[in-house]
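> Here it is: the structure, laid out below.
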Number of protein chains: 2
Amino acid sequence: MIDQPEDISQMQHLKTMTKQRVVIVGGGFAGLNAAKSLGHVNVEVTLIDRRNFHLFQPLLYQVATGSLSPAQIAFPLRVVLRRQKNATVLLGEVVDIDPSARTLKIDNGEIVPYDTLILAAGATDNFFNHPEWVHFAPGLKSVENATEIRRRILLAFETAEREMDEKLRKAWMTFVVIGGGATGVELSGSIAEIARDILHRDFRRIQTKEAEVILVEGGGRLLASYPPDLSESAEQQLKKLGVRTRPLTMVTGIDSEGVDTKRGDTLERIQAKTVIWAAGVKANPLGKLLAARAGAQTDKSGRVVVEPDCTVKGHPEILVIGDLANFSHDGGQPLPGVAQVGMQMGNYAAKLIAHRLRNEPSKPFHYWDKGNMATIGRAAAVAQIGKVHVGGFVAWAMWLFIHLMYLVGFQNRLVVLLQWCYSYLTFNRGARLITGEKEQLTPVT
Amino acid sequence: MIDQPEDISQMQHLKTMTKQRVVIVGGGFAGLNAAKSLGHVNVEVTLIDRRNFHLFQPLLYQVATGSLSPAQIAFPLRVVLRRQKNATVLLGEVVDIDPSARTLKIDNGEIVPYDTLILAAGATDNFFNHPEWVHFAPGLKSVENATEIRRRILLAFETAEREMDEKLRKAWMTFVVIGGGATGVELSGSIAEIARDILHRDFRRIQTKEAEVILVEGGGRLLASYPPDLSESAEQQLKKLGVRTRPLTMVTGIDSEGVDTKRGDTLERIQAKTVIWAAGVKANPLGKLLAARAGAQTDKSGRVVVEPDCTVKGHPEILVIGDLANFSHDGGQPLPGVAQVGMQMGNYAAKLIAHRLRNEPSKPFHYWDKGNMATIGRAAAVAQIGKVHVGGFVAWAMWLFIHLMYLVGFQNRLVVLLQWCYSYLTFNRGARLITGEKEQLTPVT
């Protein structure tokens, strides 16, 4: 109350007394947008996240291939919300929900009460009943995942440089990416690109251009959620970079030496020391917890099936948004787990709360599809905006512009833009660090 | 031979036949300078390092306090030596030395032959017979150390923000730095500064300005290797930032809850959740290995006592330089383990080899002391250049200029300078990431 100006009106006093507590779980695109959109709504906002930063996931693959540093795509939540007086950030993991008492419990035992709860805890990798594969084929969901993948890719070339046995050297120079969605396409394209254009001058014994990058996809085409002509375009662009794509191919096993695949009746063993998982996601376990505690319905990937206004059936005070939500327009396909959906849902949630405060009715949520884009390499991408389909350089330039604009929104400084452009265009050589080996954490004894 | 121009002269052919193999172990200031200085000498250079990058250690404390990102102070060795045709980089750890066969063995079993060996493997933290302290008080020697310390510092404030118990909250907001040398002074100054000037706007429940930073030093004054007036100046500047210094205080115990100290007969327990070790270094174990294999003499911190030309007694083909060497001018004090000494020794080693190739005599190594400087905070530092002693802003500006010039030398781009200035002046908010928690490396199940 110290910060209040002296002329507090009766009105404002009343508002303070009745201030609603909105608790948001998750600081990704959905949760952070909800928090920011509530900036001018007369509620108390508490944003809870396990990590102290918002991660710009669409560029995470660039950290994994050594083009960007983690700090260039991660923004501390406290800094983002610093000037928003009605927002508090709490670092913590939600361990329980009590919908009847309207409280959350976080990992330090603290009980957090809410009037409205917004769950935006996102998704994680889905290894489809093979949790052991995570050791051989890490996914790309966190900063740690990205630096670990970077470590493995760079270390593979380093080991190949030292390796005398030709067969082993080939296995070190073979990279398998599993999953032909946007992440898989971007990752395989980037790996081929650094091998071909960047690393070749660094090594003396190996020809990094000879590295093999194999993209394995279970379905018939890459980027299944895009129009077929763009899938075709992506495949052609990847081919130019030297990536070999294997459609209709299922992975039946992964170990430290390679991948077992099955295409129709054909079994194949790919000897590869570096394997990356980009084959699917499942919802954060908070979805299941909500099902148990509030009778919410979940789909097979653990997402919470929500009402047209993003609330949970029978619990209008609980909203589920972003990748954790299964939302369909009029019984259609659920919306995809992309940043745009999360951001629009976050804005919608804030508006819904503002409407309720004024006792006004709200329209159901409607997703406005602005389009989709995926990069394949430098100056190579595919984009779909409504009925317009673009490939190659134009798509890439659009992709670059949109992503840069978004990033700048976070720091609002021209210098950041320049810095980022520079890093991107020069491949930020400094980011090619092999870090995080466990034995390096303690001094050598 | 493919890259050779067609007009290979008889002369050049002869040179190729007799090319000496110089193997350098360690890509720090000493080893990397030796490698670079050998660029125009007609030898084959192999640089072996456990890490794939050169680390600019003088700025590592800024990574630990979230002002710089690792990639801003680390430079991939392959990139640094890319254009130097006579240099090969090998990622690996030396596990044995055979001086009679003139070979090294690296961890993958590869045998590396040498004609001249330059050992520049550096130093690591010395916990003085308390290896268990490393868990409670990490040192600051590697990128991983720095991100771990950053994680601990930021997490301490986050936990304090959530903590309801006042006593515990105080322990989370107490930071102890052990060791009053340059690293300890820089770290404690930076921690006090971020608590006072940077983080205070980010938190809602705690007053980060109330954080206590305690610098414990066993000797009578800080920066013992500097002139007394600069020690006094450093202490005053730290005091202004709110750091409490405890001279003549020995650490007798460290655990997860704090530090036990002893000053004269007075025992004191400091309750602190975050403790950092900056109290001393010891040489890389390769020093002891060399003693066992080649009869080299080592001092009590494991450094190899070298001849006036940096060679090992009885082994003119083995040079030891940098922090691994104990070198004294005319029986004086051994040279300190600072970047300048390492760099000058690296240059000297290259010249010695060039002289030997031409059968010319070499003068003994002579260290030219250009001065010493340590920062305390932004616009606060101490510097000694010959007989000139400077403190405060002037010292800081000098420090900044010299370090930036050095960093630019690596990438030779104005943009890097600007980027770095910008990051430094805005405290690069993005670098304040809490990363590397082990449980985050695998997806949440």
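What follows draws every value from the coordinates through simple rules; no lab data is involved. Quick caveat: nothing in here was measured; it's all calculated off a predicted structure. Virtual Cβ from ideal backbone geometry, glycine too; neighbours counted across all protein chains shown.
> Strictly over 18 Å apart at the Cα level, which of B:Lys141/B:Lys170; B:Lys36/B:Lys351; B:Lys240/B:Lys273; A:Lys300/A:Lys370; A:Lys19/A:Lys313; A:Lys240/A:Lys387 would you flag in this model? Write down the numbers at each step before the final one.
Details: B:Lys141/B:Lys170 28 Å; B:Lys36/B:Lys351 11 Å; B:Lys240/B:Lys273 24 Å; A:Lys300/A:Lys370 27 Å; A:Lys19/A:Lys313 25 Å; A:Lys240/A:Lys387 26 Å.
From the list (B:Lys141/B:Lys170; B:Lys36/B:Lys351; B:Lys240/B:Lys273; A:Lys300/A:Lys370; A:Lys19/A:Lys313; A:Lys240/A:Lys387), the Cα-Cα distance tops 18 Å for B:Lys141/B:Lys170; B:Lys240/B:Lys273; A:Lys300/A:Lys370; A:Lys19/A:Lys313; A:Lys240/A:Lys387.
> Summing -39500 (n - 2.57) over the DSSP H runs of n ≥ 4 in chain B and dividing by its residue number, what mean residue ellipticity at 222 nm do you reach, to the nearest 500 deg cm²/dmol? Before the final figure, lay out the partial values.
Details: 13 runs with 143 residues, N = 445.
Estimated from H runs of four or more residues: -9500 deg cm²/dmol.
> So the label point sits 7 Å from Cα along the Cα-to-Cβ vector; using that for B:Ile111, what distances do you get to the other copies, in nanometres, sorted shortest first?
7.2
> Which whole number gives the average count of other chain Cβ atoms within 10 Å of the Cβ atoms across peptide A:86-93?
Numbers: counts 0, 1, 4, 5, 5, 8, 4, 2.
Per residue, the average neighbour count from other chains is 4.
> If you put a point 7 Å past Cα along the Cβ direction, how far is that point for A:Glu166 from the same point in each other copy, in nm, smallest first?
Nearest first, the other copies' label points are 7.6 nm away.
> Can you compute the modelled spin-label distance between B:Asp165 and B:Glu232, with each label point 7 Å from Cα toward Cβ, in nm?
Between B:Asp165 and B:Glu232, the simple spin-label model gives 4.5 nm.
> Do you know the relative contact order of the range B:131-279, to the nearest whole percent, from alpha carbon pairs under 8 angstrom that are 6+ apart? It would help to have the intermediate numbers written out before the result.
Values: 267 pairs, mean separation 47.1, N = 149.
Relative contact order for the range B:131-279 comes out at 32 percent.
> Suppose we look only past 26 Å in the calculated P(r) of the range B:131-279. What percent of the Cα-Cα pairs does that tail hold?
I get 21 percent for the Cα pairs in the range B:131-279 exceeding 26 Å.
> Also: How crowded by other chains is A:74-84, given as the mean number of beta carbons from other chains within 10 Å of each beta carbon?
Details: counts 6, 4, 10, 1, 11, 7, 1, 2, 4, 1, 0.
Partner Cβ neighbours, averaged per residue: 4.
> Ranked by Cβ crowding within 10 angstrom, fewest neighbours first, how are A:Lys363, A:Lys36 ordered?
Working: A:Lys363 11, A:Lys36 19.
Lowest to highest Cβ neighbour count: A:Lys363, A:Lys36.
> Dividing the convex hull volume of the Cα atoms of chain A by its residue count, what figure in Å³ per residue is obtained?
Values: hull volume 80.9 nm³, N = 445.
Value for chain A: 182 Å³ per residue.
> Where the label is 7 Å out from Cα toward Cβ, how close does A:Lys85 come to the same position in every other copy, in nm, shortest first?
The projected label point of A:Lys85 is separated from its counterparts by 6.9 nm.
> Over the whole of B:62-73, what's the average partner chain Cβ count within 10 Å per residue? Rounded to a whole number, please. Walk me through the numbers before you get to the answer.
Working: counts 0, 0, 0, 0, 2, 0, 1, 7, 8, 15, 4, 1.
Rounded to a whole number, the mean comes out at 3.
> Let me ask something else. Order these peptides, A:378-387, B:247-256, B:208-217, by their mean beta-carbon neighbour count within 10 angstrom, highest first. List each step's numbers first, then the result.
Details: A:378-387: 18.6, B:247-256: 15.8, B:208-217: 21.7.
Per-residue mean Cβ counts within 10 Å order the peptides as B:208-217, A:378-387, B:247-256.
> List the aspartates and glutamates whose alpha-carbon lies under 16 Å from that of B:Lys167, not counting same-chain residues fewer than 8 positions away?
B:Glu158, B:Glu210, B:Glu212, B:Glu257
> For chain B, what are the DSSP H helices with axial Cα length of 24 Å or more and mean Kyte-Doolittle hydropathy of at least -1.0? Before the final figure, lay out the partial values.
Values: long enough: B:143-162 (28 Å, -0.40); B:339-357 (27 Å, 0.16); B:392-411 (29 Å, 1.48).
In chain B, the long hydrophobic H runs are B:143-162, B:339-357, B:392-411.
> Right, next: Could you list B:Met398, A:Met405 in order of exposure, starting from the residue whose Cβ has the fewest other Cβ atoms within 10 Å? Walk me through the intermediate numbers first.
Values: B:Met398 16, A:Met405 10.
Exposure proxy ranking, most exposed first: A:Met405, B:Met398.
> What Rg and what Dmax come out for the protein assembly as shown when only alpha-carbon atoms are used, in angstroms?
29.3, 98
> Continuing with the same structure: Mind giving me the FRET efficiency for A:Thr252 and B:Asn129? R0 is 35 Å, r the Cβ-Cβ distance, nearest 0.05 is fine.
Working: r = 53 Å, r/R0 = 1.51.
That pair, A:Thr252 with B:Asn129, gives E of 0.10.
> Compute the longest continuous run of chain B that contains no exposed chymotrypsin sites (Phe, Trp or Tyr not before Pro); treat a site as exposed when its DSSP state is not H, G, I, E or B and it has at most 13 other Cβ atoms within 10 Å. Intermediate results must be reported in sequence, preceding the final value.
Details: sites that count: B:Phe128, B:Trp368.
After excluding every exposed loop site, the longest remaining stretch is B:129-367.
> A follow-up question, please. Restricting the count to DSSP beta bridges whose residues both fall in chain B, what percent are antiparallel, rounded to a multiple of 5? Could you put the intermediate results ahead of the total?
Values: 37 of 70 bridges.
The answer is about 55 percent antiparallel.
> I'd like the distance separating the alpha-carbon centroids of the range A:30-91 and the range A:304-337, in whole Å.
22 Å
> Which of the lysines could a cross-linker bridge to B:Lys239, judged by Cα under 18 Å and excluding same-chain residues fewer than eight apart?
B:Lys209
> Highest mean first, what order results for A:295-303, A:330-338 on Cβ atoms within 10 Å? Please list the in-between numbers first.
Values: A:295-303: 16.7, A:330-338: 12.7.
Answer by packing, highest mean first, reads A:295-303, A:330-338.
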